[in-house]
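Taking it in order: structure first as structure tokens, then the write-up.
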Amino acid sequence: MSRLHKMIPTEQIKNRDRRPILIVLHQERSSPGRVGQLLVEKGYRLDIRRPVLGEPLPTTLKDHAGVVVFGGPMSANDPDDFVKKEIDWIDIPLREKRPYLGICLGAQMLVRHLGGKVQSNADGSTEIGWYPLHPTEKGRLLMHWPKMVYHFHREGFELPRGADLLAEGDAYPNQAFRYDGNAWGLQFHAELTRVMMHRWVVHGAHRFILPNAQQGREHLEGRMLFDAPLKGWLTEFLDIVFEGKTAKAASSIALRA
């Protein structure tokens with residue numbers, strides 16, 4: 001038994017879907033971060049693949065409990081073969097109605113697959129740092145959302161046809177959406193551990209001069225203020241995506257209605 005599995009209560013493993021969750025990363029040293037940690041704590045195993053390094057994605061998800069596609073430095077508009085193949089591959093979780101969670105690039109790839117556009121704002125503005133999040137009515141009915149979330153991107157996406165917008169932002173309006181019940185896209189990052197954020201701030205410092213980007217100290221100060229509610233939200237959100245649970249906040253709203 002692995003060290004990670006030793007940390008999981010036996011009863012929790014027994015009751016959990018024994019199939020692993022597919023984790024798609026886009027750099028050699030990328031990590032699933034807090035998303036991976038929380039999924040393991042919830043009793044899931046992780047099957048980590050890196051298509052950018054030539055690792056194949058499965059031809060079916062019948063042996064997986066779902067998939068998380070993470071971000072990366074590339075664009076969903078890039079002409080690289082692995083980018084195009086990964087965008088086409090998204091047809092598998094959609095067709096098989098398996099839970100799909102796309103984070104930043106993963107969300108933008110989902111949008112491209114669904115025929116939507118991914119592009120920068122005309123004024124070149126970015127979201128690099130902490131910015132306000134505004135849930136829509138459908139988002140509020142689903143769960144309670146954090147007021148501030150962390151970003152590191154210079155492109156956004158349009159809402160795909162047939163998708164439900166769950167949360168909005170100021171610079172890039174489309175921040176979270178749900179499509180066909182099982183597919184979810186997030187423009188922001190809730191997966192960063194403290195170590196990951198420090199690494200991003202160091203290696204991404206050259207981007208802090210871009211329009212609307214915050215300086216490194218604001219990234220780290222914001223974490224002290226806003227990270228705890230973001231982590232709490234992520235824990236509940238993963239239960240909604242991969243187990244179909246109803247959020248506690250949504251249950252309270254229904255009871256008051």
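The values are calculated or read from the model by the stated rules, or taken from the named source; none is laboratory data. None of these values were measured; they are calculated from a predicted model. Don't worry about glycine lacking a Cβ; one is built from the backbone with ideal geometry, like all the others, and counts go over all protein chains shown. Surface accessibility is based on the protein's heavy atoms, side chains included, excluding ligands, DNA and RNA. Shrake-Rupley method; radii C 1.70, N 1.55, O 1.52, S 1.80 Å.
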**Message:** If His26 meets every condition in (1) open to solvent by less than 10 Å² (accessible area, probe 1.4 Å); (2) at pLDDT below 95 apart from one, which number is that one?
**Reply:** (2)
**Failed item, numbered, when Ala183 is tested on (1) out of contact with any strand residue (DSSP E or B) (no Cβ under 6 Å at 6 or more places or on another chain); (2) in contact (Cβ under 8 Å) with a residue 12 or more places away in the chain** = (1)
**Request:** Kindly establish whether Val68 is within 22 Å of Phe152 (Cα to Cα) and either open to solvent by less than 60 Å² (accessible area, probe 1.4 Å) or at pLDDT below 95 (or both).
**Result:** yes
**Prompt:** What is the number of the single condition among (1) in contact with a helix residue (DSSP H, G or I) (Cβ under 8 Å, 6 or more places away or on another chain); (2) within 12 Å of Leu186 (Cα to Cα); (3) in a strand (DSSP E or B) that His151 does not meet?
**Reply:** (1)
**Message:** Being of a type in the set (A, V, I, L, M, F, W, C) and either out of contact with any helix residue (DSSP H, G or I) (no Cβ under 8 Å at 6 or more places or on another chain) or at pLDDT below 95 (or both) is the filter here; which residues of segment 238-257 pass it?
**Reply:** Val241, Ala247, Ala249, Ala250, Ile253, Ala254, Leu255, Ala257
**Prompt:** Given the conditions (1) small (Gly, Ala, Ser); (2) in contact with a strand residue (DSSP E or B) (Cβ under 9 Å, 6 or more places away or on another chain); (3) not in a helix (DSSP H, G or I), which single one is not true for Gly139?
**Reply:** (3)
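Residue-by-condition table, conditions (1) out of contact with any Cys (no Cβ under 6 Å at 6 or more places or on another chain); (2) among the aliphatic types (A, V, I, L, M); (3) touching a residue at least 60 places away in the same chain (Cβ under 8 Å):
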position: Val68; (1), (2), (3): yes, yes, no
position: Gly71; (1), (2), (3): no, no, yes
position: Ile103; (1), (2), (3): yes, yes, yes
position: Leu110; (1), (2), (3): yes, yes, yes
position: Asn121; (1), (2), (3): yes, no, no
position: Thr126; (1), (2), (3): yes, no, yes
position: Gly139; (1), (2), (3): yes, no, no
**Request:** For segment 135-183, enumerate the residues that are touching a Phe, Trp or Tyr at 6+ places or on another chain (Cβ under 6 Å), closer than 28 Å to Met224 by Cβ and open to solvent by 40 Å² or more (accessible area, probe 1.4 Å).
**Result:** Met148
**Prompt:** Which is closer than 29 Å to Gly116 by Cα and not small (Gly, Ala, Ser), of Phe242, Phe226?
**Reply:** Phe242
**Item:** Residue match in segment 215-237 (condition: assigned to a loop (DSSP other than H, G, I, E, B), out of contact with any helix residue (DSSP H, G or I) (no Cβ under 8 Å at 6 or more places or on another chain) and surrounded by 14 or more Cβ atoms within 10 Å (Cβ to Cβ))
**Value:** no
